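Trainee: Pasting in a structure now, in structure tokens, and then I'll have a few things to ask.
Rule-based calculations on the coordinates, nothing more; no lab input. A quick note: this is a predicted structure, and the numbers were derived from the prediction, not measured.
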Amino acid sequence: MIGEEEHRRAIEKISEKFKEHDIDLLLLGSSSILYRYGSVRRTKDIDVHPFPIEPYVDFYEDLEEIVEKLDGSFNIETDGSSITLFAEIEGKTLTIELIDAGGSHFLTKEVLEDMIDQADEVNGVFVPSDEHLIVAKAEAYIDRNEGDPAKQKFFEDLIDIREKIEEKDFKLDYDELKRIVGLRPERKQSQLRSIIDTQFSGLFG
């Protein structure tokens, strides 16, 4: 598991190596919560979306050089939706998931591009907006089957985000939430709106 300070140092190191190849990182998962709100629970891996990554042939060549600098290795998912990078940082092997590196997983290219457009740059990396974070976590929650331990984790993440927003006295843009939900498949939109309305209704500006 990765603690907060170790998490930050790892992202700084990884970002530095990608920037040497003119590639930026959009933080996802627990990393985005850490950089958006300043704290996060311990996590087992780090999720990022590298960009730009086209043409893919050049990206994979860059990735091979980055992995060599990090004394690591990587595995590519068969559908190209993610690459698992194993990097040696501070004497410990860390797992970094490079999401949508050549394909699409739960987040489509349209959503990832919109995330980047709306993101804030924090210490050299890009962090999704509150609204994008909430919709992404809600989507991850509904995409999991009942009984899948990850489903409960994503629900707890939503509660954690709500508590952090309340602590900081932030207000959410409801129109922006609706717009981002509209980027998802129509079959998901009603359920996403229901979760967001239930969990965050008192925080709309």
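Trainee: In the chain, what percentage of the DSSP-assigned beta bridges are antiparallel, given to the nearest 5? Before the final figure, lay out the partial values.
Mentor: On the way: 21 of 26 bridges.
Antiparallel: roughly 80 percent of the beta bridges in the chain.
Trainee: Based on DSSP H runs of at least 4 residues, each adding -39500 (n - 2.57), what is the mean residue ellipticity at 222 nm of the chain after dividing by all its residues, to the nearest 500 deg cm²/dmol?
Mentor: Working: 8 runs with 106 residues, N = 205.
Roughly -16500 deg cm²/dmol at 222 nm, from the helical runs in the chain.
Trainee: Rounded to two decimal places and with Rh computed the Kirkwood way over Cα pairs, what is Rg over Rh for the range 105-159?
Mentor: Working: Rg = 12.6 Å, Rh = 12.1 Å.
Rounded to two decimals, Rg over Rh is 1.03.
Trainee: Report the Stokes-Einstein translational diffusion coefficient (µm² s⁻¹, integer) for the range 129-203, Rh taken as the Kirkwood radius over Cα pairs, at 10 °C with viscosity 1.306 mPa s. Write down the numbers at each step before the final one.
Mentor: Numbers: Rh = 12.5 Å.
Diffusion coefficient, whole number: 127 µm²/s.
Trainee: The list (1) 21.5, 68; (2) 16.7, 54; (3) 16.7, 48 gives values of Rg and Dmax of the Cα atoms in Å, and only one came from this structure; which label was calculated from it?
Mentor: Given (1) 21.5, 68; (2) 16.7, 54; (3) 16.7, 48, the structure-derived one carries the label (3).
Trainee: Right, next: Could you work out the Kirkwood radius for the range 4-99, taking every pair of different alpha carbons, averaging 1/r and inverting it, reported in Å? Each step should come with its number before you reach the end.
Mentor: On the way: mean 1/r = 0.0741 Å⁻¹.
This gives a value of 13.5 Å.
Trainee: Can you give me the long-range amide H partners of L70? Hydrogens built in the peptide plane at 1.01 Å from N, cutoff under 5 Å, separation of 5 or more residues or another chain.
Mentor: none
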